[in-house]
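Worksheet: the structure to be examined is printed underneath.
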Amino acid sequence: MAVSKIVQLPTANRARETHEPPSIAVARRHHATELVVRNVSKSFNIDRRPLPVLQDISLVAQPGQFITIVGASGCGKSTLLRLIAGLDRDFEGEILFGGRPVSGPSLDRGLVFQDHRLFPWLTIEQNIASAFSSRPIDTATKRLLVKDHIALVGLNGFEKAYPHQVSGGMAQRAAIARALVNEPDILLLDEPLGAVDALTRLYLQEELQRIWLQKGVTMIMVTHDIEEAVFLGDQVIVLQPRPGRISKVIDVGLTQPRDREDSRILKLKKEILGEFHNPAPINYSI
Amino acid sequence: MQLSPAFGWLLKRLPSLLSPFILIGVWELVAQTHLFAANILIPPQQVFRTFLDLLADGELIDNIKASGARVLSGFAIGAGAGLIAGMAMGLYPALERYFGLLFTVIRQVPFIAWAPLLIVAFGIGETFKIIIIANAAFFPVALSTLDGVRNVPRHLKDVAALFRFDRLALMRSLVLPAALPSILTGVRLALSRSWMIVVAAELFAASSGIGHMMDWGRQMFQIDVVMVGVVVTGVVGFILDQMLRQVEAHFSSWKLPSR
Ligand SMILES: Nc1ncnc2c1ncn2[C@@H]1O[C@H](COP(=O)(O)OP(=O)(O)OP(=O)(O)O)[C@@H](O)[C@H]1O
Ligand SMILES: [Mg+2]
């Protein structure tokens with residue numbers, strides 16, 4: 001695969017590129033990319049009254065782990081990802097990445113928004129390259145990275161297309177490529193497959209899994225879809241709304257890739273459905 | 001087969017093309033009744049003949065050129081300054097807090113109302129005309145630029161923050177393209193205003209230009225020359241507007257996601 005040949009980038013501030021003995025470098029890298037969210041609460045002011053959106057959220061994402069977050073609409077999933085990404089610093093509690101408090105966005109933490117948020121005036125290729133804006137890297141390296149990531153998400157042939165000329169699913173894939181092109185240590189995905197049809201969705205789930213296995217990047221993915229959460233996640237975090245809080249943490253404990261029809265997967269799915277107040281579909285359809 | 005797109009174009013614009021002809025028809029009919037003296041209400045054919053005469057001896061073209069040159073320099077100065085002012089206020093809200101009020105008050109003064117003051121200050125030479133045009137071009141561009149910069153979609157600003165865009169990338173990849181459609185609308189408005197104001201200013205004081213030609217026609221009681229001036233002013237303004245509409249449509253062709 002073209003992707004395995006991806007060039008190492010000349011960035012100095014990354015633990016994995018310091019000249020330490022391999023074992024220490026690995027250990028450091030592991031430490032350096034652990035995400036800790038500790039007792040995080042967040043409220044928005046609506047009509048000058050505080051509306052609590054997140055309450056006492058704690059979680060740990062180990063390097064290379066795939067965490068999925070499920071929860072009803074409006075329970076604060078996007079808000080949580082924005083906090084981790086550093087786009088919103090107004091919260092209580094602690095968010096540490098590699099042991100250091102998150103104080104703003106960083107290229108080490110990538111985010112794929114719920115809507116693709118590509119720049120409508122840039123081509124797919126230019127959109128992906130726009131992620132390099134704050135890094136002094138040479139054009140040749142840039143071009144190579146963009147090309148590799150376009151291949152990674154299967155958008156070959158659409159390099160010169162504008163976002164409005166491609167389908168929603170393709171735009172979302174371009175957004176994933178844009179988030180990955182800086183090789184972040186952790187990738188936050190906000191319902192990246194929310195806008196695609198069921199068939200494409202199954203396909204893209206496997207693509208995401210492939211990318212995750214290939215890149216060894218930590219992933220935190222928000223989804224509405226319980227099956228998706230169980231199929232992809234090492235750990236599934238269930239949120240309850242108003243205010244958003246963690247009601248259950250499930251360690252899936254199965255190796256990846258998995259079989260969708262695995263009885264253990266189905267059992268976990270049922271267990272999570274039971275967490276929601278209206279488990280009607282599963283109770284009545286059997 | 002080859003004609004059909006052109007034909008379609010014509011068909012779509014037929015109603016708007018029809019109205020000038022109806023106007024000319026009514027004009028002709030009223031002239032026929034001799035209700036007004038023939039040297040006051042000039043019949044259309046005579047205006048057309050005068051137009052051809054003025055065209056043939058080069059006078060009309062020279063005057064259009066003279067007016068055009070003034071518009072060009074005044075517009076360039078005014079629109080350029082407007083672009084800078086609008087950008088600055090959009091990017092640094094503090095500036096708008098300081099100058100916003102002044103800006104709004106000055107904007108309320110009709111641009112021709114500056115003429116007497118400017119004539120006192122600069123005389124009736126070229127400087128006066130260029131300043132009054134620049135002033136007319138400044139506000140539409142400044143306002144639309146400010147508006148465009150202020151309304152850069154927030155969800156795209158998030159993207160810029162996420163990837164830590166530096167100033168240059170922020171301007172080039174986000175602010176300018178997001179504000180461009182709005183800026184172009186302002187530029188179009190500014191250009192048609194500049195054209196109007198140059199003709200008006202030349203009526204006051206000039207030795208060349210369309211406005212001067214009209215003023216001279218009035219003094220010589222050659223109303224047909226005045227009429228030619230009116231029609232030419234309208235047609236040139238229309239052409240400028242249409243040209244910029246094309247540019248505007250071209251640059252708005254990407255679909256900005258709403259929100
Ligand atoms: N900028 C904001 N200002 C005020 N309230 C906000 C803001 N952003 C989000 N909220 C509120 O916070 C709550 C959680 O929003 P959030 O977008 O995080 O939900 P979500 O779990 O991602 O929902 P969905 O699954 O529909 O995407 C909602 O009630 C929303 O109204
Ligand atoms: Mg959301």
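The values are calculated or read from the model by the stated rules, or taken from the named source; none is laboratory data. Please read all numbers here as calculations on a predicted model, not as lab measurements. So basically every Cβ, Gly included, is an ideal-geometry build from the backbone, and we count neighbours across all protein chains shown. Just the protein is used for accessible areas: all its heavy atoms, side chains included, with ligands, DNA and RNA removed. Shrake-Rupley method; radii C 1.70, N 1.55, O 1.52, S 1.80 Å.
Observations on the model:
- Breaking point among (1) in contact with a Leu (Cβ under 8 Å, 6 or more places away or on another chain); (2) under 30 Å from A:Gly154 (Cβ atoms), for A:Gln114: (1)
- Residues in the range A:42-60 that are open to solvent by 40 Å² or more (accessible area, probe 1.4 Å) and either of a type outside the set (Ser, Thr, Tyr) or within 16 Å of ligand 2 (Cβ to nearest atom) (or both): A:Phe44, A:Asn45, A:Ile46, A:Asp47, A:Arg48, A:Arg49, A:Pro50, A:Leu51, A:Pro52, A:Gln55, A:Asp56, A:Val60.
- Helices (runs of 4 or more DSSP H) contained in the range B:37-156 and holding at least 1 residues in contact with a Lys or Arg (Cβ under 8 Å, 6 or more places away or on another chain) and of a type outside the set (Gly, Ala, Ser): B:59-91, B:126-150
- From the options B:Ser207, B:Ser192, residue that is of a type in the set (S, T, N, Q), open to solvent by less than 70 Å² (accessible area, probe 1.4 Å) and more than 14 Å from every other protein chain (Cβ to nearest Cβ): B:Ser192
- Applying a threshold of 6 Å to beta carbon distances and a minimum spacing of six or more residues, or different chains, the list of pairs starting in the range A:186-215 at a residue that is surrounded by 15 or more Cβ atoms within 10 Å (Cβ to Cβ) and ending at one that is at pLDDT below 80 and part of a loop (DSSP other than H, G, I, E, B) reads A:Gln209/A:Pro257.
- The strands (runs of 3 or more DSSP E) found wholly in the range A:61-114 and carrying at least 2 residues that are within 14 Å of another protein chain (Cβ to nearest Cβ) and within 16 Å of ligand 2 (Cβ to nearest atom) occupy A:109-112.
- Subset of the range A:221-250 that is more than 13 Å from ligand 1 (Cβ to nearest atom) and in a loop (DSSP other than H, G, I, E, B) - its residue that is farthest from A:Glu206 (Cα to Cα): A:Asp234
- Residue within the range A:98-109 that is within 16 Å of ligand 1 (Cβ to nearest atom) and under 30 Å from A:Phe231 (Cα atoms) present: no
- Screening the range B:66-87 for residues that are touching a Phe, Trp or Tyr at 6+ places or on another chain (Cβ under 9 Å) and aliphatic (A, V, I, L, M) and picking the one that is farthest from B:Met196 (Cα to Cα) gives B:Ala85.
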